[in-house]
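A short write-up of the structure that comes next.
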Amino acid sequence: MKLAEALQERADLNRKIAQLRNRLEMNATVQEGEKTAEDPAELMKELDGCIEHLEELIVRINLTNCETKAGGKSLTELIARRDCLTLKIGAYRSLLDQASSITQRMSMNEIKILRAVDVKAIQKQTDELSKELRQIDSAIQQANWQTELN
């Protein structure tokens, strides 16, 4: 199994676990004299099996990510860099949105709002970070489809 396939399976398992939790909650109580739509014990058994399988899969994915190299770095390092770049770019874009929306004055007596940051420089930096993010994400995706899961 390729790493990318394992990642898709992990996502599917997470969705199934969420659905099982919801079904369990829906069948946790019942009116006296009635039966639940589904057997909670069976749902719990299925949930436990899915969670055990997810745990095994996560371990295998993480070990594979640690051992797989792309561009001289492990996938774990690239994923950490990608996640941090995403956070940084998001913060910079929010800053740019705020700095770009200057309030219009209706009269000379109103308070004048000025930018406290260099929008052009921050936009250029954000563009460079976005390019790096795309390159890292591409390297991760390529490695995911070329790497066999441990």
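Report yes if Q98 is exposed (fewer than 15 other Cβ atoms within 10 Å of the Cβ), modelled with pLDDT under 95 and not in a loop (DSSP other than H, G, I, E, B), otherwise no. Break it down into steps so the answer makes sense when it comes.
Numbers: exposed (fewer than 15 other Cβ atoms within 10 Å of the Cβ): yes; modelled with pLDDT under 95: yes; not in a loop (DSSP other than H, G, I, E, B): yes.
Yes: the conditions hold for Q98.
Please go through (1) among the aliphatic types (A, V, I, L, M); (2) surrounded by 15 or more Cβ atoms within 10 Å (Cβ to Cβ); (3) closer than 22 Å to A139 by Cβ; (4) assigned by TED's automatic domain parsing to the domain that holds I140 for A6 and return the number of the only condition it doesn't satisfy.
Result: A6 passes all but (4).
Would you tally the residues in the range 15-35 being β-branched (V, I, T) and either touching a helix residue (DSSP H, G or I) at 6+ places or on another chain (Cβ under 8 Å) or surrounded by 14 or more Cβ atoms within 10 Å (Cβ to Cβ) (or both)?
Within the range 15-35, residues that are β-branched (V, I, T) and either touching a helix residue (DSSP H, G or I) at 6+ places or on another chain (Cβ under 8 Å) or surrounded by 14 or more Cβ atoms within 10 Å (Cβ to Cβ) (or both) number 1.
Is there any pair with a first residue in the range 133-149 that is loosely packed, with under 15 Cβ neighbours inside 10 Å and a second that is assigned to a helix (DSSP H, G or I) whose Cβ atoms are under 6 Å apart and which are 6 or more apart or on different chains, and what are they?
W145/A4
The values are calculated or read from the model by the stated rules, or taken from the named source; none is laboratory data. The shown structure was predicted, so the numbers you read here are calculated from the model rather than taken from an experiment. Don't worry about glycine lacking a Cβ; one is built from the backbone with ideal geometry, like all the others, and counts go over all protein chains shown.
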